[in-house]
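The values are calculated or read from the model by the stated rules, or taken from the named source; none is laboratory data. What you see is a predicted model; the values in this text were computed from it and never measured. Here the Cβ is made from the backbone with ideal geometry for all residues, glycine too, and neighbour counts use every protein chain on show. In case anyone asks, the SASA skips ligands and DNA or RNA and just uses the protein heavy atoms, side chains included. Shrake-Rupley method; radii C 1.70, N 1.55, O 1.52, S 1.80 Å.
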Amino acid sequence: MSRTLLLLALLLLPLSARADRGELYTLLELSPSASRLTAPSTSAAPAWKLLPAGKVLVLRGLTHELLVGGALGLTYGKDLLFENAALELADGSHPRGRLYEDLLGLSLGAAAAYRYDTGYPVAPVLRAELGLAGRFFHNRTFLPANTTVQLAEPSLTEWTPYSHVALGAELRLADKWVGALGLGATRYFHGRVPWQVDAFLVIGRIWW
């Protein structure tokens, strides 16, 4: 009887997750975001736009809790609308109207993650990134107010450094798979997308 009780007690104790040191994580992140965009005009108010986004991360464990690596991100938006935009035309005029444009965003950064080992498969994870982001505004069409004119505008490109922080809960499965849910925020240090917040879902594979 005593041996049976001992075995049951051992089974009920929290099991430590497999050590992260030396492990390689390959992760796919889906992170729909709310991005604060400013129009290329002082007369149009900034607007929050919901954009689909995703990221690929590769992390390697330096210690049992600290991982470092890199992140490649992608953001896309179609037919983003700015009301009351004022653009300068070839004749020097500045009519107001509606501006439509598509957005493609790319980011490349260094990443670090801290995973606090709770002794259970579920653990809180804090991640930070620093890197460079590119924003490509294309398929831009301007419709001056009170007219039926549609004007094609040239594409715009901007590059900006960024920082990103995210906090979530991670679940390890059979020490081979990992999933996570959480929230993140990104600061772009200049350009038309100063802020971005997102909710993320991560799935990935653990190698060692």
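Details
- Failed criterion for TRP159 (all others in (1) more than 18 Å from LEU104 (Cβ to Cβ); (2) out of contact with any Phe, Trp or Tyr (no Cβ under 8 Å at 6 or more places or on another chain); (3) of a type in the set (Phe, Trp, Tyr) hold): (1)
- Note on the range 107-166: among residues that are without any contact (Cβ under 8 Å) to a residue 24 or more places away in the chain and part of a strand (DSSP E or B), the one that is farthest from SER35 (Cα to Cα) is ALA152.
- Candidate set from the range 167-185 (those that are without any contact (Cβ under 8 Å) to a residue 24 or more places away in the chain and either closer than 28 Å to ASP102 by Cα or of a type outside the set (Gly, Ala, Ser) (or both)); member that is least open to solvent (accessible area, probe 1.4 Å): ALA185
- Yes/no for TYR188 being among the aromatic types (Phe, Trp, Tyr), touching a residue at least 24 places away in the same chain (Cβ under 8 Å) and exposed (fewer than 15 other Cβ atoms within 10 Å of the Cβ): no
- The one condition in (1) modelled with pLDDT under 95; (2) under 24 Å from SER33 (Cα atoms); (3) not basic (Lys, Arg) that GLY73 fails to fulfil: (1)
- Top-ranked residue in the range 84-135 [being within 30 Å of ASN146 (Cα to Cα) and basic (Lys, Arg); ranked as least open to solvent (accessible area, probe 1.4 Å)]: ARG98
- Applying the criterion of being under 15 Å from the mean Cα position of the chain (by Cα) and open to solvent by 50 Å² or more (accessible area, probe 1.4 Å) to the residues of the range 15-38, the residue that is modelled with the lowest pLDDT is ARG36.
- The set of residues in the range 60-83 that are over 30 Å from GLY22 (Cβ atoms) and either open to solvent by 40 Å² or more (accessible area, probe 1.4 Å) or hydroxyl-bearing (Ser, Thr, Tyr) (or both) comprises THR75, TYR76, LYS78, ASP79, LEU81, GLU83.
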